[in-house]
């Protein structure tokens, strides 16, 4: 369908529904004040389609198409529109066709009264009151689209980006009369993990990629091994007005960045924002992925049980089916933030760099660690002195394209560098 302006906030989007908020998903990931990369209208074609029940993907092709395609992995369990503000406008304004999907997850999450939960065992019991104190009992739950009406296959999420790439190429060929000349992949968080997997397993589909704050999947190192130690120590840390020194030291020793104290009354601790404030990232992530990956997880109906969780051999076996190998067949640039509490570089960026080196593919990879970079840029809004990473991602993409089009190796291939400004990416 032709639209006069493909930019976020201008292009028509599907209507919002419970657990499905296309515009809200995009706004949740970007910091206020981020430079708008598309000041002028971008006419072109936009089409929404599906690869199966509950699946949605979008393809946008600007009228001034440059002949290339960028497919974007989607973070968390968000919609196909989640990348629109952070990546979509930047790419479309430069002439790239853009495609993204919801990984087959029909909706993100729906807040419900606990007494009306359709599947209590698969619903996340919200453990905190509005003021962040531990609730006496869970009066509300989050019904998760990845678990209800049925638990989805995390391995299939990774293959989905390859399937969407093929589908987007087919649609572009049909509409434009030719296939894209080159195809790139970008992704944040879970979506960054998709990009890594794509460049390892489906190199014939892709020319290069950018992975950002990406989740590392390995049977011995993953979200289900890294986050429970954080959960176990947070009650003690919070007990002394979020100042308990021993608990702070224990969490840092477990591979997390030091806490940051905020200047806003409702954002006093970066750790606490990831623990006791919606969307309860650290606790909810353990609940959701243990339910998705571990048939032996047992009951996870309390903070204590989630904090005590350890992946079973069955969970490790499932993770092995989509684990990252580091065997990159195309150039990839990694961006990570050293203040990322949910996906700390020590647990996700550094092990992936090591995997790439062990696989003998260091020539295809370089990694930049942004000083003060959070997991998602929205945390830069909350007075912690954090640095939005989107401009670093945009800069890295420009460097990637230069290298790919010149058939040259990535500058700094095989290295990890700390960066303070986007211009440090050369």
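The values are calculated or read from the model by the stated rules, or taken from the named source; none is laboratory data. Source: prediction; values computed, not measured. Every residue, glycine among them, receives a Cβ derived from its backbone with ideal geometry; neighbour counts consider all protein chains shown.
What to note about this one:
- Conditions (1) free of Cβ contacts under 8 Å to residues at least 60 places away in the same chain; (2) under 17 Å from residue 130 (Cα atoms); (3) crowded, with 19+ Cβ neighbours inside 10 Å: number failed by residue 300: (2)
- Residue match in region 75-85 (condition: within 15 Å of the chain's Cα centre (by Cα), assigned to a helix (DSSP H, G or I) and in the same structural domain as residue 209 (by TED's automatic domain parsing)): yes
- The set of residues in region 113-125 that are surrounded by fewer than 17 Cβ atoms within 10 Å (Cβ to Cβ) and outside any helix (DSSP H, G or I) comprises 113, 118, 119.
- Each residue in region 37-53 was checked for being touching a helix residue (DSSP H, G or I) at 6+ places or on another chain (Cβ under 8 Å) and surrounded by 13 or more Cβ atoms within 10 Å (Cβ to Cβ), and 8 pass.
- Hits in region 324-355 - residues which are under 21 Å from residue 402 (Cβ atoms) and in contact with a strand residue (DSSP E or B) (Cβ under 9 Å, 6 or more places away or on another chain): 328, 330, 331, 332, 333, 334, 335
- Total residues in region 368-382 satisfying the condition of being surrounded by fewer than 23 Cβ atoms within 10 Å (Cβ to Cβ) and over 21 Å from residue 25 (Cβ atoms): the figure is 3.
- Out of 132, 104, 137, one residue alone is farther than 30 Å from residue 51 by Cα and in contact with a helix residue (DSSP H, G or I) (Cβ under 7 Å, 6 or more places away or on another chain). It is 132.
- Residue count for region 377-397, restricted to those that are more than 13 Å from residue 423 (Cα to Cα) and in contact with a strand residue (DSSP E or B) (Cβ under 7 Å, 6 or more places away or on another chain): 4
- Only listed residue being touching a helix residue (DSSP H, G or I) at 6+ places or on another chain (Cβ under 6 Å), assigned by TED's automatic domain parsing to the domain that holds residue 209 and without any contact (Cβ under 8 Å) to a residue 60 or more places away in the chain, chosen from 414, 372: 414
- Hits in region 308-332 (condition: part of a helix (DSSP H, G or I) and under 29 Å from residue 353 (Cβ atoms)): 313, 314, 315, 316, 317, 318, 319, 320
- Boolean, residue 186 is in the same structural domain as residue 308 (by TED's automatic domain parsing) and either more than 14 Å from residue 163 (Cα to Cα) or buried (at least 24 other Cβ atoms within 10 Å of the Cβ) (or both): no
- Screening residue 397 against (1) surrounded by fewer than 22 Cβ atoms within 10 Å (Cβ to Cβ); (2) part of a helix (DSSP H, G or I) leaves a single unmet condition, (1).
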